[in-house]
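Novice: Okay, here's the structure, questions in a sec.
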Amino acid sequence: MMSIRPFVLLFALAAVIGVSHGAALEPVRYTVRLPEAKAHYVEVEAIVPTDGQTRLEVFMPVWTPGSYLLREYSRHVDQVTATAEDGTALSTVKTTKNRWSIACGQHSRVRLCYRLYGHEVNIRGNWIEPDFAFLNGGALFITSVEHAQRPYEVKILLPAGWRSVYTALTPTAEPTRFTAPDYDTLADSPILAGSPQVDSFEVDGAPHFLVTVGGTGVWDNARTAQGLAKVVQTQRDFWGSLPGKQPYYVFNLLNGGRSGIEHRQGFVLSADRWLSRTPSGINSWLSLASHEYFHTWNGKRLRPVELGPFDYEHEAYTRSLWVVEGITSYYQHIMRHRAALINRTELLESLSGSIAAAQNTPGRFVQSLADASFDTWIKAYRPDENTPNTTVNYYTNGTVAALLLDAEIRRSSHNAKSLDDVMRLAYARFSGAHGYTESEFVAVASEVAGADLSGWLTRTINRTGDFDYLPMLNWFGLTFEVYREKPDEAKSAEPAKPVQSWLGAETRNDAGRLVVTLVRTGTPAYDAGLSADDEILALDDYRVGPDQLPGRLAAYHPGDKVSVLIARLDHLVRLETTLGSEPANRWKLTIRKDATPAQTAHLNAWLGAAPHPAPQANAP
């Protein structure tokens, strides 16, 4: 058996023996069939060279780069068999959860066959329906543990009525046969087969395809592609050029979700098919697309050293996902603003939402941004009812850190430089095979700022607690406006409603039961000992229905003492609590009315000159 880091070691070995320098190797050849698509099954046949070995060890990845959780794709595999090319059956033994050992004797090639169930209605696995199949290489292709740098061929046999295959794999003269130079490329190039909606555009000679399934009759693919083209052009301008002229594929899976994952020559989104019906819906979709397209540079080509070459059988630990995901999340909004898809107010609202989410997460006092990155394998993709109390989100908190870092660089350099310059310099130095260490990224940020930012970044990224917003606010002339829902102007003469009492527990109607789903630290519910899965039965011995809690709490005042009757594991328990008042949103960014000319200049340098007000209808 290979060591626990087979792909990393083999990559280095290949360089020594010349494999990575173009030595001719026979490819692994796959044939993919879909005779049972209606039952969500795919059949795969692989012709695997043995290279003279008498025993062949094959494996399937356990995770997909860009989604940091062991997914155990081999759980969907069944009926694994191996034969020689002459049909001789070969002994095949499963040795671990995702490995098989094949006794191949003196045979030069092994024919490996297996079935795989594909009904993961998401962006990471295999999703097979009667009219299309979305296939992810890492979740589909079993290969030899020694074939990382070997070329690959894939042939898709389409069921009747399916028109095309879309993938970033290299096409051949045969329309449904493709090639890849190595397993990394194979695993990083999703395949969509069927008859999808497709619209395309070019930027700098590079064709971009928006490939959509699930939207016929509802989704406006052409209109959405027009907005996507603006995002692409804006990000091309930011980086200076596109990475190349190869086709780029955006796979748009309209399954009602909201998520995305990046690939080297494309990305995959899940979304709601109704989003394209309204400008706000399209903008929501473009926000997610802006994030994933920014990964074309930040994440796929500019990456932490830990994220490549990939070991597909074990976790890849890094403390820098706040760069990969947090800075990308910041720029997904900045790029939409620069593309004129959102205005200044909308950008500040988006950033305010990230700040509010960060500040309303008690876990900021428990876990740092860097630790959240390192622990993503066991925490980020496995949230539970206590997650907000013990963790932070490196997307959301990373967005805030990026905003503060951008302001700090602008302040330190007297507005001569920005985070833009850091990302471009890091890309020039570390994109490609090398990657960057945490200290190297810090050094680049300090170099651009003209000041040592290591202490600032340590406080912001590697320590727990609140962010320091004051330097950013003072530099841009911003402030936080305490916000409460404003009364209807037509009823403004009515007296203001008193502040409502607050318990601080999130609940759901569970088949007629009022069940607690989340209790954050620092709330009256937490202090009283209320827990997730408790069923609230009564307040002060008066029954509370599953939809009555807000109205019942409105009858109390902050500071009132209340007895809460709950059912916990079928036991009746009485808890005593003192109600509080629900915190106002104190994190809405607004431009100071008394901003100085210097602050206004800094704001304009960040967001562009303030737009002139539209002329009034009766203006001369």
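Novice: Out of the residues in the stretch 196-229 that are out of contact with any helix residue (DSSP H, G or I) (no Cβ under 8 Å at 6 or more places or on another chain) and not small (G, A, S), which is farthest from H291 (Cα to Cα)? Full working, then the answer.
Specialist: Looking only at the stretch 196-229, we keep the residues that are out of contact with any helix residue (DSSP H, G or I) (no Cβ under 8 Å at 6 or more places or on another chain), and these are 196, 202, 205-207, 209, 211, 213-214, 216-217, 222, 225-226, 229.
Those still in the list that are not small (G, A, S) too: 196, 202, 207, 209, 211, 213, 216, 226.
On the way: P196: 23, E202: 19, P207: 19, F209: 17, V211: 18, V213: 21, T216: 25, Q226: 17 Å.
Filtering first and then ranking leaves T216.
Novice: Is the stretch 140-163 home to any residue that is assigned to a helix (DSSP H, G or I), crowded, with 16+ Cβ neighbours inside 10 Å, touching a residue at least 24 places away in the same chain (Cβ under 8 Å) and not hydroxyl-bearing (S, T, Y)?
Specialist: No; the residues of the stretch 140-163 include none that is assigned to a helix (DSSP H, G or I), crowded, with 16+ Cβ neighbours inside 10 Å, touching a residue at least 24 places away in the same chain (Cβ under 8 Å) and not hydroxyl-bearing (S, T, Y).
Novice: Scan the stretch 303-323 and tell me whether some residue there is surrounded by fewer than 23 Cβ atoms within 10 Å (Cβ to Cβ), touching a helix residue (DSSP H, G or I) at 6+ places or on another chain (Cβ under 8 Å) and without any contact (Cβ under 8 Å) to a residue 60 or more places away in the chain.
Specialist: Checked against the condition, which is being surrounded by fewer than 23 Cβ atoms within 10 Å (Cβ to Cβ), touching a helix residue (DSSP H, G or I) at 6+ places or on another chain (Cβ under 8 Å) and without any contact (Cβ under 8 Å) to a residue 60 or more places away in the chain, the stretch 303-323 yields at least one hit.
Novice: Any idea which residue in the stretch 196-222 is farthest from L254 (Cα to Cα), counting only those that are in contact (Cβ under 8 Å) with a residue 40 or more places away in the chain and small (G, A, S)?
Specialist: G205
Novice: Quick one: is T170 touching a residue at least 24 places away in the same chain (Cβ under 8 Å), within 23 Å of K300 (Cα to Cα), assigned by TED's automatic domain parsing to the domain that holds I47 and in contact with a Phe, Trp or Tyr (Cβ under 9 Å, 6 or more places away or on another chain)?
Specialist: On the way: touching a residue at least 24 places away in the same chain (Cβ under 8 Å): no; within 23 Å of K300 (Cα to Cα): yes; assigned by TED's automatic domain parsing to the domain that holds I47: yes; in contact with a Phe, Trp or Tyr (Cβ under 9 Å, 6 or more places away or on another chain): yes.
No; evaluated as a whole, the condition is false for this residue.
Novice: Would you confirm whether any residue within the stretch 102-113 is outside the structural domain of V268 (by TED's automatic domain parsing) and within 36 Å of the chain's Cα centre (by Cα)?
Specialist: Yes.
Novice: Restricting the stretch 40-73 to residues that are of a type in the set (S, T, N, Q) and within 29 Å of Y395 (Cβ to Cβ), which is surrounded by the most Cβ atoms within 10 Å (Cβ to Cβ)?
Specialist: This residue is T64.
Novice: Could you tell me how many of the residues in the stretch 52-104 are outside any loop (DSSP other than H, G, I, E, B) and either at positive phi or aromatic (F, W, Y) (or both)?
Specialist: Adding up the residues that qualify gives 4.
Novice: Which members of the stretch 510-525 meet the condition of being free of Cβ contacts under 8 Å to residues at least 60 places away in the same chain and closer than 15 Å to E385 by Cα?
Specialist: V515, V516, T523, A525 - these are the residues of the stretch 510-525 that are free of Cβ contacts under 8 Å to residues at least 60 places away in the same chain and closer than 15 Å to E385 by Cα.
Novice: Would you call T172 modelled with pLDDT under 95, exposed (fewer than 15 other Cβ atoms within 10 Å of the Cβ) and over 30 Å from D421 (Cβ atoms)?
Specialist: Judged against the criteria, T172 is not a match.
Novice: What number of residues within the stretch 252-268 are in contact with a helix residue (DSSP H, G or I) (Cβ under 6 Å, 6 or more places away or on another chain) and in contact (Cβ under 8 Å) with a residue 60 or more places away in the chain?
Specialist: Total meeting the criteria: 2.
Novice: Of all the helices (runs of 4 or more DSSP H) wholly in the stretch 309-395, which have at least 2 residues that are modelled with pLDDT of 95 or more and charged (D, E, K, R)? Steps first, please.
Specialist: Details: elements: 328-338, 344-359, 369-374, 387-390.
It comes to 328-338, 344-359.
Novice: Still on this structure: How many of the residues in the stretch 409-440 are in contact (Cβ under 8 Å) with a residue 40 or more places away in the chain and in contact with a helix residue (DSSP H, G or I) (Cβ under 6 Å, 6 or more places away or on another chain)?
Specialist: Within the stretch 409-440, residues that are in contact (Cβ under 8 Å) with a residue 40 or more places away in the chain and in contact with a helix residue (DSSP H, G or I) (Cβ under 6 Å, 6 or more places away or on another chain) number 8.
Novice: Within the stretch 168-189, how many residues are in contact with a strand residue (DSSP E or B) (Cβ under 6 Å, 6 or more places away or on another chain), of a type outside the set (D, E) and over 18 Å from T31 (Cβ atoms)?
Specialist: Number satisfying all stated conditions: 1.
Novice: Let me ask you something else. Starting from the stretch 537-560, take each residue that is among the hydroxyl-bearing types (S, T, Y) and list its partners that are surrounded by 12 or more Cβ atoms within 10 Å (Cβ to Cβ), counting only C-beta distances under 6 angstrom and pairs at least six apart or across chains.
Specialist: Y556/S501; Y556/L579
Novice: Here's a follow-up. Among residues belonging to the stretch 545-568 that are loosely packed, with under 14 Cβ neighbours inside 10 Å and within 36 Å of the chain's Cα centre (by Cα), point out the one that is nearest to L347 (Cα to Cα).
Specialist: So, considering only residues that are loosely packed, with under 14 Cβ neighbours inside 10 Å and within 36 Å of the chain's Cα centre (by Cα), the one nearest to L347 (Cα to Cα) is P550.
Novice: A further question on this structure: Go through the stretch 334-349 and give me each residue that's free of Cβ contacts under 8 Å to residues at least 60 places away in the same chain and either among the hydrophobic types (A, V, I, L, M, F, W, C) or crowded, with 19+ Cβ neighbours inside 10 Å (or both).
Specialist: I334, I342
Novice: Still on this structure, please answer the following. Scan the stretch 123-135 and tell me whether some residue there is under 12 Å from I191 (Cβ atoms) and either part of a loop (DSSP other than H, G, I, E, B) or of a type in the set (D, E, K, R) (or both). Working first, answer last.
Specialist: Let us first name the residues in the stretch 123-135 that are under 12 Å from I191 (Cβ atoms), namely 126-128, 132-135.
Then keep just the ones that are either part of a loop (DSSP other than H, G, I, E, B) or of a type in the set (D, E, K, R) (or both); that gives 126.
Yes: the stretch 123-135 contains one or more residues that are under 12 Å from I191 (Cβ atoms) and either part of a loop (DSSP other than H, G, I, E, B) or of a type in the set (D, E, K, R) (or both).
Novice: Please pick out the residue among G138, G205, G118 that is under 24 Å from the mean Cα position of the chain (by Cα) and within 18 Å of Q265 (Cα to Cα).
Specialist: Exactly one residue qualifies, and that residue is G138.
Novice: Out of (1) buried (at least 19 other Cβ atoms within 10 Å of the Cβ); (2) at positive phi, the odd one out for G205 is which?
Specialist: Evaluating G205 over (1) buried (at least 19 other Cβ atoms within 10 Å of the Cβ); (2) at positive phi leaves (1) as the failure.
Novice: Out of L242, L253, which single residue is closer than 28 Å to N126 by Cα and either hydrophobic (A, V, I, L, M, F, W, C) or surrounded by fewer than 17 Cβ atoms within 10 Å (Cβ to Cβ) (or both)? Let's see the steps before the verdict.
Specialist: Details: L242 fails: closer than 28 Å to N126 by Cα.
Criteria check complete, one pass: L253.
The values are calculated or read from the model by the stated rules, or taken from the named source; none is laboratory data. Source: prediction; values computed, not measured. Cβ sites come from the backbone with ideal geometry, for glycine too, and all protein chains shown count toward neighbours.
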